Amino acid sequence: MYTLILAQAVLALALIVFLIWPLYAYLADPLRLRRFPSASIAGFTDLWAVWQQHRHNRTLAVHAAHLRLGPAVRVGTDHVSFSSLQAIRDIYGHGTPMTKAAFYDAFASTHFNISDAREKATHQTKRRRWANPLAQKSVVQLETALRPHLERLITVVDAKAGAELDMSRTVMHLMYDFISTIFYARDLNFLGRDTTVGPAETPSGVKYETDLYDAMIKSSHMSSCMSWLPNFHSLFQYFTQLDARWSKSDRLRDFTLAMVRHRLSLDTARIRAGLPPLDDLFTPMLWDAKTGSPLCLELGELVTESANMVNAAGENTEIATSNIIYHIAANPPVLAKLRAELDGAFDWRQTPIPDYACIKDLPYLRACIDESLRLRPAVDCGLPRVVPEGGMMVDGTWLAGGTVVSVSTHTVHRDEGVFGDSPEKYRPERWLTDEAKGMQRGFLAFSQGGRACIGRNIAYFEMSLVVAVVFSRYELGLPGGGWVLGVEEHFSSHTRALPVGVARRK
Ligand code: HEM
């Protein structure tokens, strides 16, 4: 009897939440969004976005809607996606009054970090801390830290000569080894061990081992699905406590906690021994750069801030580098041109790992990287922002305050008017024409404006060195028959396996 009443109550609640309320909201249309064509039922229910995200297909679905319905498309109950240069300026440009949308709350933990802080003042305080350590001039200091990892890469790939290697996995191991060295002063040796299993520690101090990549990818799937239902974040988090995929985020936290505690213990030991604290990329979270006094951030903030940095840095650079390697390996004329440029810059037989100074300004290498970031950006989805109270014009259209807006990166990156002919083709040469400056205005691989990627200098540094080392030393054979590298979209668009036959270059 009670079960029946409970079932009826749940059903009635579900009807109200998922049918009656959305129908009322759709008809009442407080943000006046019915004037925009809608991608399928997206204007009526946000479950459309959740479903597409769950299928790893949301970005392509939004892109298809743009091709069918035009440059402004409704992709959620309160969300309009744009695809023009003007919209990029309005939404992301320097000085825009837009802030990040509630979408980002699905990724937040006990404290906000630089990426999910939505409030401008909080974000600026955090961003200022990282500005100097991640600036171009600081990249030079990282070269000594990257070198041993590149040496290890060579050892691992050399050992595979004549055999097959998953290049995506190899690059992922390399990037996480490097990032944990420069953030936590701890080399995890994922590359040498061929695994992403690393240390973890619960808040109460129980130590165990966890698979970092597995934890990251599964919690990222749950968060990116839920992010499109911002009003239901807490409810879903509550109900999914029992779901192993959601609980993976605890494993991610425990991994970071182990790394943070390790890093803090190094400073404590040094200070006790009368030595100055370490100077690495963790330092901006511990010490005020100007006064040298301790910042005394809470442990929760150190954990979320560093987890975010390590993810933003490791994940996106790993994805981007795998895509670049794939594109170059799949295009022999591009590879020939790139090799000619690299061979002119350093003698790979004498010096398998060049100095960054030798390669950082090579135009064709940079064009190969940017062209890959255009076609397969690590973050391919439109990044949601919210129109401030009082409303504003976006791409020539007035939008009410509270409207969520984004620009479809995937669509703009394929705009012939911006990037020239055959936008689906991998053609680095397009970046070497007079039009390249204009193309930068439509280039969203690192986003634009005050919330753009703060680590892009490090990213170019890592990508350039890995690509230079790999293609100067090896022949990489992709599977035949027009094989295409697979993608699995979460917040970032992860690459699937990249199996290559490896041979040493003659
Ligand atoms: C090729 C590699 C990379 C790509 C494609 C990339 C891409 C991006 C994009 C698209 C954003 C904007 C995200 C948003 O608005 O939600 C972003 C933000 C960010 N990235 Fe990167 N990133 C890369 C590497 C790095 C590295 C190496 C670091 C750190 C060392 C880093 C740290 C960050 C941080 C902290 C933010 C948030 C900035 C803010 O909100 O102020 N990224 N990145």
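The values are calculated or read from the model by the stated rules, or taken from the named source; none is laboratory data. Since the model is a prediction, treat every value here as computed from it, not as a measurement. With ideal geometry, Cβ positions are generated from the backbone for all residues, glycine too; neighbour counts draw on all protein chains shown.
When you go through GLU201, GLU209, GLU151 one by one, which is the residue that is surrounded by fewer than 17 Cβ atoms within 10 Å (Cβ to Cβ) and either in contact (Cβ under 8 Å) with a residue 60 or more places away in the chain or out of contact with any strand residue (DSSP E or B) (no Cβ under 9 Å at 6 or more places or on another chain) (or both)?
Criteria check complete, one pass: GLU151.
Within the bounds of segment 448-458, is there any residue that is in contact (Cβ under 8 Å) with a residue 40 or more places away in the chain, more than 27 Å from ILE154 (Cα to Cα) and among the basic types (Lys, Arg)?
yes
Quick check on this structure: which one of GLU429, GLU424 is more than 30 Å from ARG349 (Cβ to Cβ), away from the ligand (no atom under 16 Å from the Cβ), acidic (Asp, Glu) and surrounded by fewer than 17 Cβ atoms within 10 Å (Cβ to Cβ)?
Going through GLU429, GLU424 in turn, the sole match is GLU424.
Any residue in segment 103-132 that's over 11 Å from ASN308 (Cβ atoms) and within 11 Å of the ligand (Cβ to nearest atom): show its pairings with residues that are among the small types (Gly, Ala, Ser) and in a helix (DSSP H, G or I) at Cβ separation under 6 Å, as long as the two are six or more apart or on different chains.
That search, which allows pairs on different chains as well, returns nothing.
With segment 147-261 as the region, which helices (runs of 4 or more DSSP H) entirely inside it contain at least 2 residues that are modelled with pLDDT of 95 or more?
167-184, 190-193
Would you point out which residue out of GLY477, GLY442 is more than 15 Å from ILE324 (Cβ to Cβ), more than 16 Å from the ligand (Cβ to nearest atom) and of a type outside the set (D, E, K, R)?
The unique qualifying residue is GLY477.
Among the residues of segment 457-474, count how many are within 10 Å of the ligand (Cβ to nearest atom) and crowded, with 18+ Cβ neighbours inside 10 Å.
6
Kindly evaluate ALA289 against the criterion of being at pLDDT below 95 and either more than 14 Å from the ligand (Cβ to nearest atom) or among the β-branched types (Val, Ile, Thr) (or both).
Judged against the criteria, ALA289 is a match.
Identify all residues within segment 307-339 that are in contact with a Ser or Thr (Cβ under 6 Å, 6 or more places away or on another chain) and small (Gly, Ala, Ser); write none if there are none.
ALA307, SER322 - these are the residues of segment 307-339 that are in contact with a Ser or Thr (Cβ under 6 Å, 6 or more places away or on another chain) and small (Gly, Ala, Ser).
The rows are residues; the columns are (1) in the same structural domain as ILE217 (by TED's automatic domain parsing); (2) of a type in the set (Lys, Arg).
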| residue | (1), (2) |
| --- | --- |
| TYR24 | no, no |
| SER38 | yes, no |
| ALA42 | yes, no |
| GLN53 | yes, no |
| ARG58 | yes, yes |
| ALA61 | yes, no |
| HIS66 | yes, no |
